[in-house]
Amino acid sequence: MAEHSFKYIIVGGGVSAVAPYERPALSKAYLFPESPARLPGFHTCVGSGGERLLPEWYNEKGIQLHLSTEIVKADLAAKSLTSAKGETFTYQTLVIATGSTVIRLTDFGVEGADAKNIFYLREVDDADKLYEAIKSKKDGKAVVVGGGYIGLELSAVLRLNNIDVTMVYPEPWCMPRLFTAEIAAFYEGYYANKGVNIIKGTVATGFTSNSDGEVKEVKLKDGRVLEADIVVVGVGGRPQISLFKGQVEEAKGGIKTDSFFKTNVSDVYAVGDVATFPLKLYNEDRRVEHVDHARKSAEQAAKAIIAAEAGKTVEEYDYLPYFYSRSFDLSWQFYGDNVGETVLFGDNNPASPKPNFGTYWIKDGKVIGAFLEGGSPDDNKAIAKVARVKPAVEDVNQLAKEGISFASKI
């Protein structure tokens, strides 16, 4: 079989049959009922204001894009990769960018979880199938399993398509890894006002199908049975590192790296979802699943590789955790760390015409995290700065009164 030799190989890119693109659009504008987003509109790197990298860009830059090529074996000692077709790829420097894969209900043997019209959202093909189902099941019923990012964003876009939506999740409130109970209460109230039915504290334990094999009902652990034409599952992901098991040091579910995303194996780097790296701001190792970190970690690794070849160094990665979401007419941003005491400020009434509220997290007398719904670009910059600077707080009641103006003064 064919052998290919390269100075640098990036294994991954997040997608299979098309040039790399940015996934956030898939749970938002891609599924809009009118004027939906489509490729090439969101190829890498438009989401961060960068150049749109179309397939021809790679050719122009001397980069070979091997699409629809699955790597099934990695021998890091031999600096060799093998594809499913039997091709061999050798390298001098390897960047592991394999990302995450979705957790599927079939992984747990959930009864009937292989029925038609049960969807997961990871790639553009998944979004295309869901889009077609939305169109074919006009004014139908959807059950969204999961109360995280995917659950919230897809529940919103399904309602925009006039689909009857029920969300089901086991936690006491939505987005529990980030939201406080007070933040979650706003979004749950807002979604309820938009017609989303929310069922908390239980899980889907099985599905029934019609004679065509399409999902018909969702069985819940609490005994309830929900009608469904469409089911969307968003219960998390797991980093794809099985190719490298036993060959690289691991930590916290990912591949352990230094501040330059170098692994313990010579000439092997890991970026994005798979990397467990030193988070300098909090003096601990973390793994971050987010497009912002994916972009920035890749840039850091590339700079470090080029600098090392020139006998130079680059500054350590100093990442400020950042998450955001948009749904309905809402838009929030979060920066920093969500541990410690919390202070809520602003108008968090779900019925408000223009909700604008936030939360600060305080640890050891300092603000270390900030969340803001409905903020202006300047407001969002201010909460980013406050999370980075970590200013001291003397009076939490005064902080609640000042709200966003506290961050704006930093």
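Tabulate in residue order the Karplus-calculated ³J(HN,Hα) for the stretch 38-44, using 6.51 cos²θ - 1.76 cosθ + 1.60 with θ = phi - 60°, rounded to whole Hz; enter x for Gly and Pro.
Once rounded to whole Hz, the list reads 9, 5, x, x, 10, 5, 3.
Which whole-angstrom value gives the distance between the alpha carbon centres of the stretch 219-298 and the stretch 366-404?
About 28 Å separates the Cα centre of the stretch 219-298 from the one of the stretch 366-404.
Can you tell me, using C-alpha contacts under 8 Å and at least 6 residues apart, the relative contact order of the stretch 206-335 as a whole percent? All intermediate terms of the calculation are to be shown ahead of the outcome.
Values: 183 pairs, mean separation 17.8, N = 130.
Relative contact order of the stretch 206-335: 14 percent.
Using amide H atoms built 1.01 Å from N in the peptide plane, name the residues 5+ places from Ser100, or on other chains, whose amide H lies under 5 Å from its own.
Residues meeting the amide H criterion: Gln240.
Please work out how many pairs of lysine residues in the stretch 329-409 are eight or more positions apart (or on different chains) and have Cα atoms closer than 16 angstrom.
The result is 9.
Averaging sequence separations of C-alpha pairs under 8 Å and six or more residues apart, then dividing by the length of the stretch 251-304, give the relative contact order as a whole percent. Each step should come with its number before you reach the end.
Working: 85 pairs, mean separation 18.6, N = 54.
Once divided by the residue count of the stretch 251-304, the mean separation gives 34 percent.
Per residue, how much accessible area does the stretch 352-406 show when a 1.4 Å probe rolls over the protein heavy atoms, in square angstrom?
Details: 2690 Å² over 55 residues.
Heavy-atom accessible area per residue stands at 49 Å².
Which residue, Ala387, Ala77, Ala156, has the most motion in a Gaussian network model of the chain that connects Cα atoms within less than 10 Å?
Checking each option, the largest mean-square fluctuation is seen for Ala77.
What residue among Val110, Val288, Val157 has the largest mean-square fluctuation in a Gaussian network model of the chain, using Cα springs under 10 Å?
Of the options given, Val110 has the highest mean-square fluctuation.
For Phe6 and Asn197 in the same chain, what is the full-extension length gain: residue separation times 0.36 nm, less their Cα-Cα distance, in nm? Let's see the in-between values first.
Values: separation 191, 0.36 × 191 = 68.76 nm, distance 5.29 nm.
Taking 0.36 nm per residue and subtracting the Cα distance, the gain is 63.5 nm.
Over the stretch 143-192, give the accessible area per residue in Å² for a 1.4 Å probe, as an integer.
Working: 1520 Å² over 50 residues.
On a per-residue basis, 30 Å².
Which lysines, on any chain, are close to Lys129 with Cα under 26 Å apart, when same-chain ones fewer than 8 places away are left out?
List returned: Lys28, Lys116, Lys137, Lys138, Lys141, Lys194, Lys216, Lys219.
Based on Cβ point charges of +1 for Lys and Arg and -1 for Asp and Glu, what charge dipole magnitude is obtained for the chain about its Cα centre, in debye rounded to the nearest 20?
Numbers: 47 positive and 54 negative charges, 28 e Å.
It comes to approximately 140 debye.
Which lysines, if any, have their Cα less than 28 Å from the Cα of Lys61, not counting same-chain residues under 8 positions apart?
Hits, sequence-local ones excluded: Lys7, Lys73, Lys79, Lys85, Lys262, Lys296, Lys303, Lys312.
Towards the positive end of the charge dipole of the stretch 329-409, with charges on Cβ (+1 Lys, Arg; -1 Asp, Glu), say which of Pro377, Tyr360, Asn348 has the farthest Cα.
So the residue we want is Pro377.
Got a sec? What order do Ser155, Ser68 fall in by accessible area at 1.4 Å, biggest, i.e. largest, first?
Numbers: Ser155 0, Ser68 70 Å².
Order by accessible area, largest first: Ser68, Ser155.
Tell me, what ³J(HN,Hα) does each residue in the stretch 153-164 have, in order and in whole Hz, if you take phi through Karplus 6.51 cos²θ - 1.76 cosθ + 1.60 with θ = phi - 60° and put x for Gly and Pro?
So the Karplus estimates, Gly and Pro as x, are 5, 6, 4, 5, 6, 5, 5, 4, 8, 6, 8, 6 Hz.
Ranked from the most accessible area to the least, with a 1.4 Å probe and all protein chains present, what is the order of Met1, Met175?
Values: Met1 165, Met175 15 Å².
Largest accessible area first, the residues go Met1, Met175.
Of all accessible surface on the chain at a 1.4 Å probe, what whole percent is carbon and sulfur? Don't jump to the answer; show the numbers that get you there.
Values: 9490 of 19440 Å².
Carbon and sulfur atoms account for 49 percent of the accessible area of the chain.
May I ask for the net charge around Thr88, where only other residues with Cβ less than 15 Å from the Cβ of Thr88 are counted and Lys, Arg are +1 while Asp, Glu are -1? Don't skip to the answer; put the middle values down first.
Numbers: positive: Lys73, Lys79, Lys85; negative: Glu3, Glu70, Asp75, Glu87.
Neighbour charge sum, excluding Thr88 itself: -1.
For Cα pairs less than 8 Å apart in space and 6+ apart in sequence, what is the mean separation divided by the residue count of the chain, i.e. the relative contact order in percent? Numbers along the way, then the final one.
Values: 823 pairs, mean separation 51.6, N = 410.
Computed over the chain, the figure is 13 percent.
The values are calculated or read from the model by the stated rules, or taken from the named source; none is laboratory data. Everything numeric here is computed off the predicted structure, so don't read it as measured data. A quick note on method: Cβ atoms are made from the backbone with ideal geometry, for glycine too, and the neighbour counts reach across all protein chains shown. The accessibility values were calculated without ligands, DNA or RNA, using every heavy atom of the protein model including side chains. Shrake-Rupley method; radii C 1.70, N 1.55, O 1.52, S 1.80 Å.
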